[in-house]
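Worksheet for the structure shown next.
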Amino acid sequence: MRVVVTGGAGFVGSHLCEILLGRGDDVVCVDNLSTGRAENIAALCDQRGFTFLRADVSYGFDVPGPVDAVAHLASPASPADYHKLPLQTLAVNSRGTEHALVLARRHQARFVLASTSEVYGDPRVHPQPEEYWGHVNSVGPRSVYDEAKRYAEAVTTAYARHLGVSTGIVRIFNTYGPRLRPRDGRVVSSFIRQALAGEALTIYGDGLQTRSFCFVDDLVRGIVAMLDCREPGPVNLGNPDERTIAELAELVLRITGSPSPVQRLPLPTDDPVRRCPVITRALERLAWKPETDLEEGLRATVSWFRSRGAEPVPAAGRAR
Ligand code: NAD
Ligand code: UDP
């Protein structure tokens, strides 16, 4: 296949490009490098079958040559990023999604949308099955992302229903792993960077809010499975191992052996209280389930942060 990956220079996108190339697909990575990094794809640029196209997909783009599939991942994903880029986030998930759909339609290609657990908002149903319609504040600070993704799902569904495009929607839950930007503000990257630098781990609120963390290799297997079939979804992709943020902080401190203290900061407005995927649909329709447990995935992520020269743990710190 020749697969277009929008957002391919980002955290998830770069892993997806790598897996697709590794199995013999050609990959066209389209990215404006707003929250992604050239170094994420530096090793891929030398490989046969890989093309990088620097473009903002919100403004329309073309990909010369054949296209068999489009994986639309372009969008800021960290709350810190989408708060910095609110209008760009709305644009890339609305106009950008439409441009990516137009490309797929023109080539009769498979289209996969990277949606998010954020479409469930601050959920009133727990854990979250795909049938749940969500509880989202359309004028809250997170709406530039949540509502934009909900629109992206709607326009994707309309292209399938009315124009016959083969589309698939995956709802991605919190994912972590190598290539997270250390200062992207997400909880796993922040805690690891802080622990390795001997800085306080910043827990927002009481730390009892939960998330369910999926290792990036597992997630990408699920996206590839969605590309390879005609399943419309939406399908949740996440690891149902639900943890409190305080537990995550403890785990990061134990794995890094860091002596860092914990600092409590105010909980951001509309921060979802609980989040955990029901993944029966992914299992039944994509034969997918996560395989990496949190501790193993965090160890791999910490090693990657260390290999990039993160500040060493002070000598006083020992594994607890
Ligand atoms: P990321 O910020 O690392 O990657 C996003 C990529 O999109 C970046 O390379 C960025 O430069 C690119 N991009 C943004 N706007 C663009 C535009 N207008 N034109 C071209 N490129 C643009 O984020 P990520 O964690 O890799 O997320 C990838 C996708 O997965 C996003 O759509 C995100 O909403 C979704 N998702 C991720 C998570 C997660 O936990 N990582 C959870 C839910 C959903
Ligand atoms: N969080 C935290 N400290 C940080 C960053 C995030 O306590 O330094 C919390 C945040 O309030 C949320 C959870 O960790 O409850 C996950 O945040 P993240 O930004 O990673 O993703 P979200 O699921 O909120 O999009």
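Comparing Pro266, Pro232, Pro127, which has the greatest mean-square fluctuation in the GNM of the chain with Cα pairs linked when under 10 Å apart?
In the Gaussian network model the winner is Pro266.
Under 1.5 on a/c is rounded, so check that first for the range 52-148, then, if it is not, pick prolate when a/b is larger than b/c and oblate when it is not; a ≥ b ≥ c are the square roots of the alpha carbon gyration tensor eigenvalues. All intermediate terms of the calculation are to be shown ahead of the outcome.
Numbers: a/c = 2.87, a/b = 1.61, b/c = 1.79.
Cα axes put the range 52-148 in the oblate bin.
Taking H placed 1.01 Å from N in the peptide plane, check which residues at least 5 places from Phe50 or on another chain put their amide H under 5 Å from its amide H.
Residues meeting the amide H criterion: Val27.
If ligands, DNA and RNA are left out, what is the accessible area of Thr157 with a 1.4 Å probe, given in Å² to the nearest 10?
About 50 Å², ignoring ligands and nucleic acids.
Express the accessible area of the range 186-320 per residue in Å², computed with a 1.4 Å probe while the remaining protein chains stay in the model. Numbers along the way, then the final one.
Details: 5940 Å² over 135 residues.
With the other protein chains kept in place, the range 186-320 gives 44 Å² per residue.
Using a 1.4 Å probe on the protein chains only, how many percent of the accessible area of the chain belongs to carbon and sulfur? Provide the component values of the computation, followed by the final result.
Working: 7040 of 13480 Å².
Summing carbon and sulfur atoms, their accessible area is 52 percent of the total for the chain.
Estimate the FRET efficiency between Tyr59 and Arg285 by the formula 1/(1 + (r/R0)^6), using the beta-carbon distance for r and 35 Å for R0, to the nearest 0.05. Provide the component values of the computation, followed by the final result.
On the way: r = 34 Å, r/R0 = 0.98.
Step by step, r from the Cβ atoms, then E = 0.55.
Using each residue's phi in the range 277-293, evaluate 6.51 cos²θ - 1.76 cosθ + 1.60 at θ = phi - 60° and report the 3J(HN,Hα) Karplus result to the nearest Hz, with x for Gly and Pro.
Using θ = phi - 60°, the values come out as x, 8, 10, 4, 5, 4, 5, 6, 9, 10, 6, 10, 8, x, 10, 9, 7 Hz.
Tabulate in residue order the Karplus-calculated ³J(HN,Hα) for the range 54-59, using 6.51 cos²θ - 1.76 cosθ + 1.60 with θ = phi - 60°, rounded to whole Hz; enter x for Gly and Pro.
Here the 3J(HN,Hα) series is 7, 7, 9, 5, 5, 9 Hz.
Can you tell which of Ile255, Thr269, Gln194 lies farthest toward the positive end of the dipole of the chain, using +1 and -1 charges on the Cβ of basic and acidic side chains (Lys, Arg; Asp, Glu)?
Going by the charge dipole, the pick is Gln194.
Any chance you could look up the accessible area of Arg306 with a 1.4 Å probe, heavy atoms only, rounded to 10 Å²?
About 110 Å², rounded to the nearest 10.
I need the phi-derived Karplus couplings for the range 205-213: 6.51 cos²θ - 1.76 cosθ + 1.60, θ = phi - 60°, integer Hz, Gly and Pro marked x.
After applying 6.51 cos²θ - 1.76 cosθ + 1.60, I find x, 7, x, 8, 5, 10, 9, 10, 9 Hz.
Once the dipole of the range 1-101 is set up with Lys and Arg at +1 and Asp and Glu at -1 on Cβ about the Cα centre, which of Ala91, Phe50, His15 lies farthest towards its positive end?
Ala91
For Cα pairs less than 8 Å apart in space and 6+ apart in sequence, what is the mean separation divided by the residue count of the range 1-152, i.e. the relative contact order in percent?
It comes to 22 percent, rounded to a whole number.
Calculate for the chain the 222 nm mean residue ellipticity that helices alone would give, adding -39,500 (n - 2.57) per DSSP H run of length 4 or more and normalising by residue count, nearest 500 deg cm²/dmol.
After summing the helix terms and dividing by the residues of the chain, the value is -12500 deg cm²/dmol.
What are the residues whose amide H is under 5 Å from the amide H of Val262, where those residues sit 5 or more places off or on another chain and H is modelled from the backbone?
So Val262 has HN proximity to Leu201.
Determine the relative contact order of the range 195-298: mean sequence separation of Cα pairs under 8 Å and six or more apart, normalised by residue count, in whole percent.
Values: 152 pairs, mean separation 49.3, N = 104.
Worked out over the range 195-298, it gives 47 percent.
Amide H of Ile172 versus every other amide H placed in the peptide plane: which residues, excluding those fewer than 5 positions away on the same chain, fall under 5 Å?
Ser115, Thr116, Ser117, Leu237
Please report, in debye to the nearest 20, how large the charge dipole of the chain is about its Cα centre when each Lys and Arg carries +1 at its beta carbon and each Asp and Glu carries -1 there. Provide the component values of the computation, followed by the final result.
On the way: 37 positive and 37 negative charges, 45 e Å.
My answer is approximately 220 debye.
Under 8 Å for C-alpha pairs, at least 6 residues apart: give me the relative contact order for the chain, rounded to a whole percent.
Working: 681 pairs, mean separation 55.6, N = 320.
In percent, rounded to a whole number, it is 17.
The values are calculated or read from the model by the stated rules, or taken from the named source; none is laboratory data. Source: prediction; values computed, not measured. All Cβ positions, even for glycine, are placed from backbone atoms using ideal geometry, and neighbour counts span all protein chains on display. All accessible areas refer to the heavy atoms of the entire protein, side chains included, with ligands and DNA or RNA removed. Shrake-Rupley method; radii C 1.70, N 1.55, O 1.52, S 1.80 Å.
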